[in-house]
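To start, the structure itself, in structure tokens.
Every number in this text was worked out from the coordinates using simple rules, so none of it is lab data. Computed from a predicted structure; not experimentally measured. FYI the Cβ positions are ideal-geometry reconstructions off the backbone, even for glycines, and counts take in every protein chain you see.
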Amino acid sequence: MNLEWTGQEQIAASKGAVWTFINDPQKVASCLPDVQSIDVRDAHNVDATVKVAVGPVRGNFKFNIELIPAASGNHMDLKISGGGFGSVVNLLAGADLSENGTTTTLDWKGSAQVNGPVATVGGRVLDAQAHKVIATTFENVKNAVSQTR
């Protein structure tokens, strides 16, 4: 099953503060909802175990998260791959950053390929759950960035 999302987020912080935050794999991974453990492998890679509940599929999924910053400081790509209980998730996402006074705008898009039991719950259920995870993650990022300013 293939899913796609787009959106825009406003973060009440300078672009520099947001850029510093999203370049830290520990900080990025800690913003995922229901994180059970985080293991930073290097400056751009982290392994995270996340509690997942989608329909009848419930348990811990293990993901590798790779941050791919553009040299310009205006774009970040993100790859998430992993899964659990026979399910596999591969996600590619990217965000363009722009500063608007004291606020930073993230224009983002993402796509995921989901296979296995979690894909059998249906596109609408999976998409609705993904929207909740995305919204919670961005809310956690906003809160965390505002605390580090």
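Could you tell me, in Å, what Rg and Dmax come out for the Cα atoms of the range 56-107?
Every Cα atom of the range 56-107 included, Rg and Dmax give 15.2, 46 Å.
For the charge dipole of the range 2-148, defined by +1 on Lys and Arg C-beta atoms and -1 on Asp and Glu C-beta atoms about the Cα centroid, which residue among Ser111, Val88, Ala12 has the Cα displaced farthest towards the positive pole?
Projecting each Cα onto the dipole axis, the largest value belongs to Val88.
Restricting to Cα atoms and excluding each atom paired with itself, what does the Kirkwood estimate give for the range 8-76 in Å? Walk me through the numbers before you get to the answer.
On the way: mean 1/r = 0.0748 Å⁻¹.
That comes to 13.4 Å for the range 8-76.
Over the chain, what is the relative contact order in percent, taking alpha-carbon pairs closer than 8 angstrom and at least six residues apart?
Details: 308 pairs, mean separation 42.1, N = 149.
Relative contact order, the chain: 28 percent.
Placing unit charges on C-beta atoms (Lys and Arg positive, Asp and Glu negative, everything else neutral), compute the dipole magnitude of the range 2-148 about its Cα centre in debye, rounded to 20. All intermediate terms of the calculation are to be shown ahead of the outcome.
On the way: 11 positive and 14 negative charges, 78 e Å.
Dipole about the Cα centre, nearest 20: 380 debye.
Across the chain, how many lysine pairs, 8 or more positions apart or on different chains, have C-alpha atoms separated by under 13 Å? Please give the number.
Value for the chain: 4.
If you take the Cα Rg of the range 10-143 and divide it by 2.2 N^0.38 Å, with N the number of residues, what do you get? Please list the in-between numbers first.
Values: Rg = 15.0 Å, N = 134, 2.2 N^0.38 = 14.1 Å.
Ratio of Rg to 2.2 N^0.38 Å for the range 10-143: 1.06.
May I ask for the angle, rounded to the nearest 10°, between helix 123-148 and the longest principal axis of the chain, with both axes built from Cα atoms and the value confined to 0 to 90°?
30
If we count every other residue with Cβ under 10 angstrom of Val46's Cβ, Lys/Arg +1 and Asp/Glu -1, where does the sum land? Could you put the intermediate results ahead of the total?
On the way: positive: Lys27, Arg41; negative: Asp24, Asp39, Asp42, Asp47, Glu66.
Result for the local shell: -3.
Within the set of other residues whose C-beta is less than 9 Å from the C-beta of Asn64, count the net charge using Lys and Arg as +1 and Asp and Glu as -1.
Details: positive: Arg41, Lys62, Lys79; negative: Asp47, Glu66.
Computed value for this residue: +1.
Any idea how far the Cα center of the range 54-76 sits from the one of the range 103-149, in Å?
10
Where does the charge balance sit around Ser98 when Lys and Arg score +1, Asp and Glu -1, over other residues with C-beta under 9 Å from its C-beta? Walk me through the intermediate numbers first.
Values: positive: Lys15; negative: Asp96, Glu99, Asp107.
Charge balance in the 9 Å sphere: -2.
Determine the calculated [θ] at 222 nm for the chain from helices alone, applying -39500 (n - 2.57) to every DSSP H run no shorter than 4 residues and normalising by the residue count; nearest 500 deg cm²/dmol.
Values: 3 runs with 40 residues, N = 149.
Using -39500 (n - 2.57) per qualifying helix, the result is -8500 deg cm²/dmol.
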